[in-house]
Amino acid sequence: MEINQFKQLHRLLHMRKKKTPDLVGQYFCEIAEEQDQKRVVDRGTLTVQVGFIAPDKMLCVKVLNGRNLPVMDPTGSSDPFATLELFPHYAFQGKPSSELKTAVQKETTTPLFDETFLVPCEPSTLTVEGAAIMFTCYDWDRFTKNDLMGEAVCLLSAVETVDSENKVDHLTQIMLPLSLPSEPRDPHSAYYIIESRTWDKAAVEFIKMRKKTFKSADAERK
């Protein structure tokens, strides 16, 4: 067996021993790595600030703006809004994900959101491998399903710590490239292993959620 094959096998065996929440974290690490290597940004960007307010044990997320978002409506514009989903789910029980979304900005591809979200968060959560915020932009539709514009991941390991909410405005602005996700098919990927765990409720629910997003992304590509 060649050295590279041995390393791949060893890595695969190690991953299969992991608990599902840890594999989900690894999945987000893989997405973040692909995102960092992205050279062509064809779905626009989302600018955010993310900080941890240490005395309050609070994660502060500011969604600032979007730039060059895709045109989604026949009028030549879009009605974008952004959602936030925090992973791992078990660490963020303070506020339902359904509440973590911006207002809709009408008829623009360069929306100014300027909204702040505060979520209770233990310091230890920041060190969990793959702990992340999934940002997703949608085009709002009054009579039909909202259309997927793109998504991006921000790992919490890169979050800055501040000692008061007053200092949040001074946090580094992060420009996240949005993209339409594709379903991974690499048998060595964390997603592939999660998908194989048909006996695990958490794994089944996660895969169901992602497949729904992949389906929406495929619809936009057509």
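The values are calculated or read from the model by the stated rules, or taken from the named source; none is laboratory data. Computed from a predicted model, the values in this text were never measured in an experiment. Neighbour counts run over all protein chains shown; Cβ positions are idealised from the backbone, glycine included. Surface accessibility is based on the protein's heavy atoms, side chains included, excluding ligands, DNA and RNA. Shrake-Rupley method; radii C 1.70, N 1.55, O 1.52, S 1.80 Å.
A few comments on the model shown:
- Across the alpha-carbon atoms of the stretch 98-143, the computed radius of gyration and Dmax are 14.5, 43 angstrom.
- Rounded if a/c under 1.5, otherwise prolate or oblate - the chain, Cα gyration tensor axes: oblate
- Whichever lysines have a C-alpha closer than 30 Å to that of K18, once near sequence neighbours (fewer than 8 apart) are set aside: K7, K38, K57, K95, K201, K208, K211, K212, K215
- Relative packing of peptides 204-212, 27-35 - highest average C-beta neighbours within 10 Å first: 27-35, 204-212
- Protection proxy ranking, highest mean first, for peptides 149-157, 119-127: 149-157, 119-127, where packing is the per-residue count of other beta-carbon atoms within 10 Å, averaged.
- Packing around the peptides 67-76, 128-137, taken as the average count of other Cβ atoms within 10 Å per residue, puts them in this order, highest first: 128-137, 67-76.
- Solvent exposure of the chain amounts to 56 Å² per residue of accessible area, where only protein heavy atoms count and the probe is 1.4 Å.
- Dividing the mean sequence gap of close Cα pairs (under 8 Å, 6+ apart) by how many residues the chain holds gives a relative contact order of 26 percent.
- Distance in nm between pseudo-label sites at S164 and S77 (7 Å out along the Cβ direction from Cα): 4.0 nm
- Surface/4 of the Cα convex hull for the stretch 88-172, nm²: 7.0 nm²
- Convex hull volume per residue, computed on the Cα atoms of the stretch 20-72, equals 134 Å³.
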